[in-house]
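Enquirer: The following block contains the structure, expressed as structure tokens.
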Amino acid sequence: MDVSLPGGAAAAAVSLIDILEWLQTSGLSHFIAQANHLLVAGLQVIHVFGLIFLLGPLILICLRVLGLVLRDQPFESIIGQSRTLSLMGLGLSLTSGVFMFLSAPLHYYGNRAFDAKMVILLAALISYALIFLWTPMRLRAHAGLARAHVLLSLVLWILVCMAGRAIGFV
């Protein structure tokens with residue numbers, strides 16, 4: 001597919017590889033890749049802490065929906081108290097993940113574990129959003145569905161972690 005540029009010039013189609021090569025040669029990518037190895041190690045630590053901050057509240061919510069803990073507290077209160085820490089964890093994980101990706105985009109391209117992680121991550125993010133938007137309203141009317149949903153969400157996040165761990169080995 002050719003694209004006409006102003007002045008009548010034609011540009012060739014841009015492929016995903018072209019974009020990843022451009023990213024890998026960008027200043028930010030070079031800075032991250034060429035920096036002291038402690039920068040990438042620090043990003044990995046931030047990434048893991050972000051997942052802990054995300055999964056801790058999610059596990060608490062899951063246990064509450066299953067009726068195993070905090071039965072005397074209203075679910076809405078637990079969701080409200082968990083939201084800030086969970087969103088902070090999500091932000092830390094996504095931000096540090098993007099910077100780790102930028103350190104070597106071509107390395108991640110075609111890595112089956114990375115591809116799997118991105119697909120599962122998308123499903124986990126949708127499920128995560130629905131926990132805060134959908135589950136509180138449906139818990140009383142459809143308790144079984146709410147239980148299945150929080151368990152599915154927890155499983156998806158565990159799979160995201162496992163696929164992320166596998167990236168270095170594939």
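The values are calculated or read from the model by the stated rules, or taken from the named source; none is laboratory data. Computed from a predicted model, the values in this text were never measured in an experiment. With ideal geometry, Cβ positions are generated from the backbone for all residues, glycine too; neighbour counts draw on all protein chains shown.
Enquirer: Name the residues in segment 1-31 that are among the aliphatic types (A, V, I, L, M) and either exposed (fewer than 10 other Cβ atoms within 10 Å of the Cβ) or at pLDDT 80 or above (or both), would you?
Expert: Met1, Leu5, Ala9, Ala10, Ala12, Ala13, Leu16, Ile17, Ile19, Leu20, Leu23, Leu28
Conditions (1) at pLDDT 95 or above; (2) within 30 Å of Leu145 (Cα to Cα); (3) exposed (fewer than 15 other Cβ atoms within 10 Å of the Cβ), marked per residue:
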position	(1), (2), (3)
Pro57	no, yes, no
Gln81	no, yes, yes
Leu90	no, yes, no
Val98	no, no, yes
Ile120	yes, yes, no
Leu130	no, yes, no
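Enquirer: When you scan segment 132-149, do you find a residue that is closer than 27 Å to Leu63 by Cβ, touching a residue at least 60 places away in the same chain (Cβ under 8 Å) and touching an Asp or Glu at 6+ places or on another chain (Cβ under 6 Å), even just one?
Expert: There is at least one residue in segment 132-149 that is closer than 27 Å to Leu63 by Cβ, touching a residue at least 60 places away in the same chain (Cβ under 8 Å) and touching an Asp or Glu at 6+ places or on another chain (Cβ under 6 Å).
Enquirer: Looking at (1) under 22 Å from Ser153 (Cβ atoms); (2) outside any helix (DSSP H, G or I), which one does Gly110 not meet, given that it meets all the others?
Expert: (1)
Enquirer: Still on this structure, please answer the following. Among Ser153, Ser96, which is the only one that is under 25 Å from Phe31 (Cα atoms) and either among the charged types (D, E, K, R) or not in a loop (DSSP other than H, G, I, E, B) (or both)?
Expert: Only one candidate passes the filter, namely Ser96.
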